[in-house]
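Beneath this line is the structure, given in structure tokens, with notes to follow.
Every read-out reported here was derived from the displayed coordinates using simple, explicitly stated rules and does not represent laboratory data. These numbers were taken from a predicted model, which means no experiment stands behind them. Quick reminder, even Gly has a Cβ in these numbers, built from the backbone with ideal geometry, and neighbours come from all protein chains shown.
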Amino acid sequence: MLGVLVCFACTLVLMPSVTHAGVLSFMASLFAEEAETAAPDATVQNVNLLQAALNPDPNPAKGGGDITVIGGVALLSENGPEGTIADIEEAKNDSISLYVVRNGDTLGAIAKMYGVSVSTIVWANDIRGGLIRPGDTLIVLPISGVRHTVAKGDTLQSIAKKYKADLGEMLQFNGLEVSAKVAVGDIIIVPDGEIAPPPPTSRPARLRGVGGPDYSGYYLRPVISGRKSQGLHGYNGIDLASYLGAPILASAPGNVIIARSSGWNGGYGNYIVVAHPNDTQTLYSHLSSLAVPAGKWVERGEIIGYMGSTGRSTGAHLHFEVRGAKNPFQ
């Protein structure tokens, strides 16, 4: 009986020891399996994080269309899920934007996109002759007007006066008080400000080709609307100013003998010459684009081109010459 009790006691003593070891072994095997399962995921995650951190893509346009800055605040792929620039209504803000000229762009189209005048873009970028080229970066103001860099001696009052602008509007737009001081180099946006063109000369010394027969009623005014911005100058020519893209009409019937759509061309820029049956010629220059080629017969009043500012020109206008007769619109 005693022996049995002893053996039973031994069993009681030994069993917990064996059980404890088995449980620890079992739990260790479970943890090992979890570690083996979790390790690959943790490795992949770490690699992905490292790759993203070490290899940022500096070119967000790679694999898609060109990236365009819209209003200085958003990026839009030229061809992408958000559509094209033509589908975007420009968000209005108070920031100056930068626009990179693309193929087919015109000053008029860019101005319309941003809701400002053509003159605003011309003045802000000192564009000569209305010429822009793909790749040019243009400053576009948030409102029609002038971007003024403060020079020595400038005051808010003198700036407003210089551009014939309303001082109150200028102060409000720039967040300034009337007593504020400006420093040299400060940028002031002048809403609806205008840069005055250089005063025209009444008759340059080298005026040529004036006089000749008076064919009253033969020539049609080549611009439907607008105003005469300069009297006789150059070779029996006058200037008629209107909006960029205004249609230019053939002043009389005749054959187009010259149609130049590119180049400086002695300051004429894009221009057309029409020879008429009465042995005279008319010349139409500074055009933004041409509507007829050389060799084409045109009728009186037919659209032959569109007003621009190419060549030696300040602002959109038509330089119109009559050769061999009196200019009826002098």
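Computed quantities for the displayed model
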read-out	value
Cα-projected label distance for Ala151 with Ile303, points at 7 Å along beta-carbon direction, nm	4.2 nm
FRET efficiency, 1/(1 + (r/R0)^6) with R0 25 Å, evaluated for Arg227 and Ser261 via beta carbons	0.40
Where labels lie 7 Å past Cα in the beta-carbon direction, separation of Arg102 and Asn278 in nm	4.8 nm
Estimated Rh, segment 172-279: Kirkwood, alpha-carbon pairs, angstrom	18.3 Å
Segment 227-323, Rg to Rh (Cα coordinates; Rh as Kirkwood inverse mean 1/r)	0.93
Potential extension, Gln330-Leu131 segment - 0.36 nm per residue separation minus Cα distance	68.8 nm
Residues in segment 129-160 reached by a label modelled at Ser179 [backbone nitrogen below 19 Å; 7 Å Cα→Cβ]	155-158
Segment 145-191: C-alpha gyration tensor shape, a/c 1.5 cut-off, then a/b vs b/c	rounded
Spatial separation of Cα centroids for segment 277-306 and segment 110-145, in angstrom	28 Å
Which listed pairs, of Lys162/Lys326; Lys112/Lys181; Lys162/Lys228; Lys112/Lys164; Lys152/Lys228; Lys181/Lys228, have C-alpha distances above 32 Å, in listed order	Lys162/Lys326; Lys112/Lys181; Lys152/Lys228; Lys181/Lys228
